[in-house]
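Reviewing the structure listed below.
The values are calculated or read from the model by the stated rules, or taken from the named source; none is laboratory data. Keep in mind that what you see is a predicted model, and the values were worked out from it rather than measured. Cβ placement follows ideal geometry from the backbone for every residue including glycine, while neighbour counts extend to all protein chains displayed.
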Amino acid sequence: MAIQKTLIIVKPDGLEKGVVGQILHSLRVNGLAVTDCSREHVEQSWVRKLYAGEDEIYFEDVVNWVSSAPVLFLKIKGEQAVEKVKWNIVGRYPNGIRGKYSENWIKNVAHAPDSLESAQRELNLSEPFFKEKKKADEKLFKGKMIFALTGMSECGKSTVGKYLDSQGIPRLKIVRLFEKVRDKWSVGEELYRFTKREEYRDQYALWDAFIEELLTEMNMRNVSMSSIESLYGGGFGPYLKYRLSNHFCITYIDIPFEVRIERQMQREGLTNIEDAKKILIPRDKIKADSGIPILKKISEEIIDNSGTVQNLYETVDKMIARHK
């Protein structure tokens, strides 16, 4: 089947109702991928161009509504993307996101083109937004480098983080940064419940808020480099890589399972390999389920931690030098 590109515009009511997470889930189920995104407050003149030529009874009402608050642009790619997005994902009553959440012809949560020709026209019309977002991000992250530490359980992430900290590269905990977001959005709520709900509603908004907290922390400390620990999988790691681009280095701490078992036995004072496995294997499963192996495939740096601590420090020193 043909690989196609298309667009989804999540309208103000779609963002208010928190449908972004459901749209992203439907895209994955249909084998489609988001290749770019941008949140914009569009002008009425732009919306008129978007709907130009359509026999829309409520044209002026639609123009006023879509331009009334920010919308989210999602650039999509995959097999038969135009048809899948228009009818399977965005849909219309009783199917799709529209069928589930639309209030009327105006507040119908999302827009998608219905043909290859209209998809190309609307992508061309939207391209300046994506380009401006990239330029803004490059300016925002200029001069900064973030090492995102990840790996399986007991691989040495904390050791690397502490060493980076000793070299003037602050060790920031991802969970603490999410707590800062939580305290602004829903103070006092249990963190796991908060993050799961917000990722379901609009994970890009949550992750953008995380990035803001990260940059705020770096600026407050007046540093150009930092590490974040521990990066989990799913869409979070790839999204940070997409947003921060060459200012973001996924750093995978690699160590063979057998060596981790030996070190686990030494650390816990164990004499039986099976006892060590009972501790390590369940932790590894949690890591695997969270997408850590996928992060290894897209990491910029893979650090071998099977040798001595001094070997590890020398490897980290070389990594720092490469990214300064």
Residue among Thr195, Thr216, Thr251 that alone is crowded, with 16+ Cβ neighbours inside 10 Å, of a type in the set (Ser, Thr, Tyr) and farther than 24 Å from Gly156 by Cα: Thr195
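With respect to Ser224, is the statement that it is under 22 Å from Val316 (Cα atoms), assigned by TED's automatic domain parsing to the domain that holds Cys155 and surrounded by fewer than 19 Cβ atoms within 10 Å (Cβ to Cβ) true?
Numbers: under 22 Å from Val316 (Cα atoms): yes; assigned by TED's automatic domain parsing to the domain that holds Cys155: yes; surrounded by fewer than 19 Cβ atoms within 10 Å (Cβ to Cβ): yes.
For Ser224, the condition - under 22 Å from Val316 (Cα atoms), assigned by TED's automatic domain parsing to the domain that holds Cys155 and surrounded by fewer than 19 Cβ atoms within 10 Å (Cβ to Cβ) - is met.
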Residue match in the stretch 274-283 (condition: modelled with pLDDT of 95 or more and not in a loop (DSSP other than H, G, I, E, B)): no
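Each row is one residue, and each column tells you yes or no for (1) under 22 Å from Glu199 (Cα atoms); (2) exposed (fewer than 15 other Cβ atoms within 10 Å of the Cβ).
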{"position": "Ala52", "(1), (2)": "no, yes"}
{"position": "Asp61", "(1), (2)": "no, yes"}
{"position": "Leu72", "(1), (2)": "yes, no"}
{"position": "Lys84", "(1), (2)": "no, no"}
{"position": "Asn108", "(1), (2)": "yes, no"}
Failed item in (1) modelled with pLDDT of 95 or more; (2) assigned to a loop (DSSP other than H, G, I, E, B), with Lys184 passing the rest: (2)
Filter result for Lys135 (in a helix (DSSP H, G or I), closer than 30 Å to Ile253 by Cα and without any contact (Cβ under 8 Å) to a residue 40 or more places away in the chain): no
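Does Lys287 qualify as being touching a residue at least 24 places away in the same chain (Cβ under 8 Å) and within 29 Å of Phe236 (Cα to Cα)? Walk me through how you get there before you give the answer.
Values: touching a residue at least 24 places away in the same chain (Cβ under 8 Å): yes; within 29 Å of Phe236 (Cα to Cα): yes.
Against the criterion (touching a residue at least 24 places away in the same chain (Cβ under 8 Å) and within 29 Å of Phe236 (Cα to Cα)), Lys287 qualifies.
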Residue check, Lys241 assigned to a helix (DSSP H, G or I), closer than 28 Å to Gly168 by Cβ and either out of contact with any helix residue (DSSP H, G or I) (no Cβ under 6 Å at 6 or more places or on another chain) or not assigned by TED's automatic domain parsing to the domain that holds Ile298 (or both): yes
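If you take the residues of the stretch 299-316 that are over 13 Å from Ile146 (Cα atoms), without any contact (Cβ under 8 Å) to a residue 60 or more places away in the chain and not β-branched (Val, Ile, Thr), which of them is surrounded by the most Cβ atoms within 10 Å (Cβ to Cβ)? First the steps, then the outcome.
Taking the stretch 299-316 and keeping what is over 13 Å from Ile146 (Cα atoms), we get 302-316.
Now restrict to residues that are without any contact (Cβ under 8 Å) to a residue 60 or more places away in the chain: 302, 304, 306-308, 310-311, 314-315.
Cutting the leftovers down to not β-branched (Val, Ile, Thr) gives us 304, 306-307, 310-311, 314.
Working: Asp304: 12, Ser306: 15, Gly307: 12, Gln310: 8, Asn311: 12, Glu314: 12.
By that ranking, first place goes to Ser306.
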Criterion violated by Phe147 - all others in (1) in the same structural domain as Thr216 (by TED's automatic domain parsing); (2) at pLDDT 95 or above; (3) out of contact with any Cys (no Cβ under 7 Å at 6 or more places or on another chain) satisfied: (3)
Cβ pairs under 6 Å, 6+ apart, first in the stretch 103-131 and acidic (Asp, Glu), second in a helix (DSSP H, G or I): Asp114/Lys86
Which numbered condition Ile146 misses (of (1) β-branched (Val, Ile, Thr); (2) part of a helix (DSSP H, G or I); (3) surrounded by 20 or more Cβ atoms within 10 Å (Cβ to Cβ)): (2)
Condition met for Val160 (modelled with pLDDT of 95 or more, of a type in the set (Val, Ile, Thr) and under 29 Å from Asp13 (Cα atoms)): no
